[in-house]
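The values are calculated or read from the model by the stated rules, or taken from the named source; none is laboratory data. Computed from a predicted structure; not experimentally measured. In this analysis, Cβ positions are derived from the backbone assuming ideal geometry, glycine residues included, and neighbour counts consider all displayed protein chains.
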Amino acid sequence: MAAIALQAMRSRWRIAMTSLLLAPMIVPVIVTAVAIYRTAVELRLSGTLGALVATHAMLALPIVTLNVGISLRSLDPSWLRAAAGLGAGPLRIFFTITLPNILPGMVGGTIFAFLSSFDEVVVAAFIAGFQNKTLPVKMWEVVRLEYTPIVAVASVFMIAVAVIMFFAARIAGAKEAGVSR
């Protein structure tokens, strides 16, 4: 939604809002973590699952917005005007033209947002409570406090999942290339 809103804005406002949306990527991670932690403490949300989810969503927003924005720029505006000229309403135009064309950007943004969120240890360590620790935070604590085989097992599992996903993407790409010929 943010990418669609940015595209519809005037140039001056678009630059200001883009800067605001990209701030979590530009500001150093420790500064972001301290600011979010202080806000969560004031709102009495520190250590809650809601705060952790909201924080990761805020950190992923620029990544998804950039990916969907790139997909939107490749969308020909004349298609939208043609659909409106043929009597399609805004919802029908969105679901039949806009959404299918931005879907690759949404999928790519989702994947990159997940990877970025999964890799985030500093902010998660500040926000997560005792019960809401992410796997990377737990691995960091285990390595820092005691060395057990759990970290090695988790690492092998994560590498195996990455390799399986890589080969699944390659197979899906090969099938897609075979179908389009």
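Within the set of pairs 6 or more residues apart or between chains, which connect a residue that is farther than 30 Å from residue 134 by Cα inside region 92-116 to a residue that is among the small types (Gly, Ala, Ser) and not in a helix (DSSP H, G or I) with Cβ atoms less than 8 Å apart?
The qualifying pairs are 96/88; 101/74.
So if I check each of 15, 70, 30, which one is within 21 Å of residue 103 (Cβ to Cβ), at pLDDT 85 or above and part of a helix (DSSP H, G or I)?
Values: 15 fails: within 21 Å of residue 103 (Cβ to Cβ); 30 fails: within 21 Å of residue 103 (Cβ to Cβ).
On inspection, the qualifying residue turns out to be 70.
Can you tell me which of 155, 116 is among the hydroxyl-bearing types (Ser, Thr, Tyr), closer than 17 Å to residue 60 by Cβ and part of a helix (DSSP H, G or I)?
Details: 155 fails: closer than 17 Å to residue 60 by Cβ.
The match here is 116.
State all residues of region 1-12 that are in a helix (DSSP H, G or I) and either farther than 18 Å from residue 60 by Cβ or in contact with a strand residue (DSSP E or B) (Cβ under 6 Å, 6 or more places away or on another chain) (or both); if no residue qualifies, say none.
Initially, region 1-12 is screened for residues in a helix (DSSP H, G or I), giving 2-8, 11-12.
Passing the criteria: 7, 8, 11, 12.
Can you tell which of 129, 173, 87 is exposed (fewer than 11 other Cβ atoms within 10 Å of the Cβ), among the small types (Gly, Ala, Ser) and over 26 Å from residue 65 (Cα atoms)? If you could, list the steps in order and put the result at the bottom.
Numbers: 129 fails: exposed (fewer than 11 other Cβ atoms within 10 Å of the Cβ); 173 fails: over 26 Å from residue 65 (Cα atoms).
Unique residue meeting the criteria: 87.
Considering region 33-48 alone, what residues qualify as being assigned to a helix (DSSP H, G or I) and more than 18 Å from residue 116 (Cα to Cα)? Outline the logic, then answer.
Here is the first cut: in region 33-48, the ones assigned to a helix (DSSP H, G or I) are 33-42.
Within region 33-48, 34, 35, 37, 38, 39, 40, 41, 42 meet the criteria.
Given (1) in a helix (DSSP H, G or I); (2) surrounded by fewer than 13 Cβ atoms within 10 Å (Cβ to Cβ); (3) more than 18 Å from the chain's Cα centre (by Cα), where does residue 142 come up short, assuming only one miss?
With respect to (1) in a helix (DSSP H, G or I); (2) surrounded by fewer than 13 Cβ atoms within 10 Å (Cβ to Cβ); (3) more than 18 Å from the chain's Cα centre (by Cα), residue 142 is out only on (2).
Considering only region 1-21, how many residues are farther than 18 Å from residue 67 by Cβ and in contact (Cβ under 8 Å) with a residue 12 or more places away in the chain?
Count: 0.
Can you tell which of 109, 85 is of a type outside the set (Phe, Trp, Tyr) and under 30 Å from residue 126 (Cβ atoms)?
109
Looking only at residues that are surrounded by 16 or more Cβ atoms within 10 Å (Cβ to Cβ) and under 30 Å from residue 76 (Cβ atoms) in region 102-126, which one is farthest from the chain's Cα centre (by Cα)?
Restricting to residues being surrounded by 16 or more Cβ atoms within 10 Å (Cβ to Cβ) and under 30 Å from residue 76 (Cβ atoms), the top hit is 102.
Looking at this structure, is residue 76 acidic (Asp, Glu), loosely packed, with under 15 Cβ neighbours inside 10 Å and within 20 Å of the chain's Cα centre (by Cα)? Steps first, answer last, please.
Values: acidic (Asp, Glu): yes; loosely packed, with under 15 Cβ neighbours inside 10 Å: yes; within 20 Å of the chain's Cα centre (by Cα): no.
It is false that residue 76 is acidic (Asp, Glu), loosely packed, with under 15 Cβ neighbours inside 10 Å and within 20 Å of the chain's Cα centre (by Cα).
In region 73-105, what residues are basic (Lys, Arg) and not in a helix (DSSP H, G or I)? Write out each step before concluding.
Here is the first cut: in region 73-105, the ones basic (Lys, Arg) are 73, 81, 92.
Correct list: empty.
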